[in-house]
Amino acid sequence: MERPTAVNASEKRLSSLEVCAGAGGLALGLEQAGFDPVLLIDNNAVACETLRMNRPFWRVLEADLLDFDPAEHQQVYDVDLLSAGLPRVKATAAVNREDDSEVELKLLEATILLAHGVQPRALLIENVPDLVTKDTYAPIREYIGKELDHLDYRYQWFVLNAMHHGVPQDRKQGILVAFKGDSMNAFEPPTADSKPPKTVGEVLKESMAARGWPKVSEWAVQADRVAPTLVGGSWRRGGADLGPRGSKAAWERMGVNGGTVADHVPDADFDWNPSSGRDAMVQLTVDQTALLQGFPPDWRFAGRKTASYRQVGQASPPPVGRALGDAIRAAILAS
């Protein structure tokens, strides 16, 4: 894979540092928007393998963000953008509690502190929508706001739904964007696409027919809506499935068994009969779930099936990263 180049000579590429990079969904979208990472950090070995496999020219560091010292990686100083697709922060986490055991909150705090050391022109954090909208998260928002005020960053909270940005999935994301200087004056959050998102059937019909399954058209008609939110689940327990009970019920209405992830798409002999129960429903593969996240077909995932699916489900959809990157880039270049 060659390094990306600017669309034209006047569109110089900008630099970024990404933490909790995962399988690279956010970084890929930002790359498409004109940001090249000087370093990507993640503590998961298989995710780092995925990043290196797809972008061998990216510098990937397998490390815990809580242990990262920018003084040992001085290329990260003064980057244009610090981006983070952080693990889902829980409202029950208490800010500034010495006995706090919530790793997710500590990573959020570490990202804000990293902005103090790195001094990026812009900051982008993606997390749960409740972080933006719910009163129970107000103490966390207030903590972040005070820290950014202290660092002379101006900031904005908002929520995006991936289905409004080219992703065939109902996936809401809480977003924080901050800028040093006057760039916030020029920033406008991404606007929703004018076209409706494609349905699961439209996106997966071709791949579902790859082994000659004769009922693919009938299934695609039933799969006539966007996917529910894909959930990667915990790295510490359980196998691969498509989410909690409500999500599984939504999948069943599309004739899909959401209780597992398949090794292969159905073959010519598969008897699809949703009225007979889950065992007679089609199952999705990891590659198909990646398409529903907006990954390109050639993006590969390291590890065995469950580890690969964990990466897909926990990723930030690349098209959302592209939309955010375009908006952030425009604001930086306008200031």
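Collect residues whose amide H, placed 1.01 Å from N in the peptide plane, falls under 5 Å from the amide H of V60; neighbours closer than 5 in sequence don't count.
L40
Tabulate in residue order the Karplus-calculated ³J(HN,Hα) for the stretch 64-75, using 6.51 cos²θ - 1.76 cosθ + 1.60 with θ = phi - 60°, rounded to whole Hz; enter x for Gly and Pro.
Going residue by residue, I get 7, 4, 5, 9, 6, 10, x, 5, 8, 9, 5, 5 Hz, with x marking Gly and Pro.
Indicate the gyration tensor shape class of the stretch 243-335 (rounded, prolate or oblate), computed on the Cα atoms with a ≥ b ≥ c the square roots of the eigenvalues: a/c under 1.5 is rounded; otherwise a/b larger than b/c is prolate and the rest oblate.
Prolate, since a/c reaches 1.5 and a/b exceeds b/c.
Given the Cα-Cα distance of A192 and V159 and 0.36 nm per residue of separation, how much length would full extension add, in nm?
Taking 0.36 nm per residue and subtracting the Cα distance, the gain is 10.7 nm.
What number, in nm² with one decimal, is the all-direction average of the projected area of the convex hull of the alpha-carbon atoms of the chain?
Orientation-averaged projected area of the Cα hull: 17.6 nm².
Please enumerate, by chain and number, the aspartates and glutamates with C-alpha under 13 Å from the C-alpha of K215, excluding those fewer than 8 residues away in the same chain.
E206, D267, D269, D271
Nearest 5 percent is fine: what portion of the DSSP beta bridges confined to the chain is antiparallel?
Working: 15 of 36 bridges.
Of all bridge pairs located within the chain, approximately 40 percent are antiparallel.
Evaluate Rg over Rh across the stretch 114-254, taking Cα atoms for both radii and Kirkwood's formula for Rh.
On the way: Rg = 19.8 Å, Rh = 18.1 Å.
Using only Cα positions, Rg/Rh for the stretch 114-254 is 1.09.
Taking K134 as the anchor, which lysines have their alpha carbon closer than 24 Å to its alpha carbon, excluding any fewer than eight residues away along the same chain?
K90, K106, K146, K172
Comparing P129, P297, P318, which has the greatest mean-square fluctuation in the GNM of the chain with Cα pairs linked when under 10 Å apart?
P297
Given a cut-off of under 8 Å on Cα pairs at least six residues apart, what relative contact order in percent is computed for the chain? If you can, show how the numbers build up before the last one.
Details: 671 pairs, mean separation 66.3, N = 335.
For the chain, the relative contact order is 20 percent.
Just so you know, all these numbers are worked out from the coordinates, no wet-lab data involved. Treat the numbers as computed from the prediction; the structure is a model and nothing was measured.
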